[in-house]
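K.L.:
Please find one structure pasted underneath; my questions will follow.
The values are calculated or read from the model by the stated rules, or taken from the named source; none is laboratory data. Everything numeric here is computed off the predicted structure, so don't read it as measured data. Counting neighbours? That spans all protein chains shown, and the Cβs are built from the backbone with ideal geometry, glycine included.
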Amino acid sequence: DSGVTQTPKHLITATGQRVTLRCSPRSGDLSVYWYQQSLDQGLQFLIQYYNGEERAKGNILERFSAQQFPDLHSELNLSSLELGDSALYFCASSGTANEQFFGPGTRLTVL
Amino acid sequence: GENVEQHPSTLSVQEGDSAVIKCTYSDSASNYFPWYKQELGKRPQLIIDIRSNVGEKKDQRIAVTLNKTAKHFSLHITETQPEDSAVYFCAASMNGNKLVFGAGTILRVKS
């Protein structure tokens, strides 16, 4: 167990819908990262937050957004969902060292 | 931006043999290189990492080497066991920022 929690574990929804994925970092970690894992694209960085502020953006679509709250949990919002958005979404957290610890992931299926 | 290449894509070894996975990176500013093990449907699990001021690091049966000049790093697993079977990812990062992952290596240990 990495100490990073994610909910829900599974999400099945239809095209055009909107979903919210939630992540709680390890106790004391200020940084939260979101990654998408799909068969054809591998593990891709989406976005990073540090202590409530957006720090870096990767291959995140405009239909996707995220935020980190004062209690340091983070949410990833995915809207106007397409079939190609089906993937595993992981969040990771890190503290003062560089190590990133991953949560169990949310498996999103868009039908 | 950073690009990480990983080889081989699949690797089959006999139980007890050694396994070596190699990665190259493109951005000389990268200074942190973790390795993750991922079992089917599970989270990536950090197994070992190395920083740019170190050439080699060992943890029991696992070792990682780094050649900064050539911009490549390798994972070595000795005395492989069936439970080592998984997908292994290398990654590169600068100063604890986003991880850029290799495409992964499927390791099969045959007993």
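K.L.:
How many residues does the stretch B:20-36 contain that are surrounded by 20 or more Cβ atoms within 10 Å (Cβ to Cβ) and not β-branched (Val, Ile, Thr)?
P.N.:
Count: 8.
K.L.:
Another one. I'd like the full set of residues that are touching a Phe, Trp or Tyr at 6+ places or on another chain (Cβ under 9 Å) and more than 12 Å from every other protein chain (Cβ to nearest Cβ), limited to the stretch A:33-57.
P.N.:
Across the stretch A:33-57, the qualifying residue is only A:52.
K.L.:
Shifting gears a bit: For residue B:43, only one of the following conditions fails: (1) assigned to a strand (DSSP E or B); (2) within 14 Å of chain A (Cβ to nearest Cβ); (3) among the basic types (Lys, Arg). What is its number?
P.N.:
(1)
K.L.:
Please return the ranges of strands (runs of 3 or more DSSP E) entirely within the stretch A:1-93 where 3 or more residues are closer than 25 Å to residue B:4 by Cβ.
P.N.:
Ranges flagged: A:31-38, A:42-50, A:53-57.
K.L.:
For the subset of the stretch A:93-106 comprising residues that are touching a residue at least 60 places away in the same chain (Cβ under 8 Å) and more than 8 Å from chain B (Cβ to nearest Cβ), which member is farthest from residue B:46 (Cα to Cα)?
P.N.:
Filtering the stretch A:93-106 for residues that are touching a residue at least 60 places away in the same chain (Cβ under 8 Å) and more than 8 Å from chain B (Cβ to nearest Cβ), the one farthest from residue B:46 (Cα to Cα) comes out as A:106.
K.L.:
Which one is farthest from the chain's Cα centre (by Cα) among residues in the stretch B:82-101 that are more than 9 Å from every other protein chain (Cβ to nearest Cβ) and part of a strand (DSSP E or B)?
P.N.:
Initially, the stretch B:82-101 is screened for residues more than 9 Å from every other protein chain (Cβ to nearest Cβ), giving B:82-88, B:90, B:92, B:94.
When the remaining residues are screened for being part of a strand (DSSP E or B), the result is B:86-88, B:90, B:92.
On the way: B:86: 12, B:87: 10, B:88: 6, B:90: 4, B:92: 10 Å.
Only one residue fits best here, namely B:86.
K.L.:
Next question, about the same structure. Going through the stretch A:66-76 one residue at a time, which ones are without any contact (Cβ under 8 Å) to a residue 40 or more places away in the chain and closer than 14 Å to residue A:91 by Cα?
P.N.:
Passing the criteria: A:66, A:67, A:68.
K.L.:
Somewhere in the stretch A:11-24, is a residue at pLDDT below 95, touching a strand residue (DSSP E or B) at 6+ places or on another chain (Cβ under 6 Å) and under 26 Å from residue B:94 (Cα atoms)?
P.N.:
The answer is no, given that none of the residues of the stretch A:11-24 is at pLDDT below 95, touching a strand residue (DSSP E or B) at 6+ places or on another chain (Cβ under 6 Å) and under 26 Å from residue B:94 (Cα atoms).
K.L.:
Still on this model: Does the stretch A:33-60 hold any residues that are touching a Leu at 6+ places or on another chain (Cβ under 7 Å) and crowded, with 16+ Cβ neighbours inside 10 Å, and which are they?
P.N.:
A:34, A:35, A:36, A:37, A:45, A:50, A:58, A:60
K.L.:
Can you tell me how many residues within the stretch B:102-111 are assigned to a loop (DSSP other than H, G, I, E, B), away from chain A (no Cβ under 12 Å) and at pLDDT 95 or above?
P.N.:
Number of matching residues: 0.
K.L.:
Would you mind finding the one in B:4, B:54, B:87, B:13 that is modelled with pLDDT under 95 and β-branched (Val, Ile, Thr)?
P.N.:
Numbers: B:4 fails: modelled with pLDDT under 95; B:87 fails: modelled with pLDDT under 95; B:13 fails: modelled with pLDDT under 95.
The unique qualifying residue is B:54.
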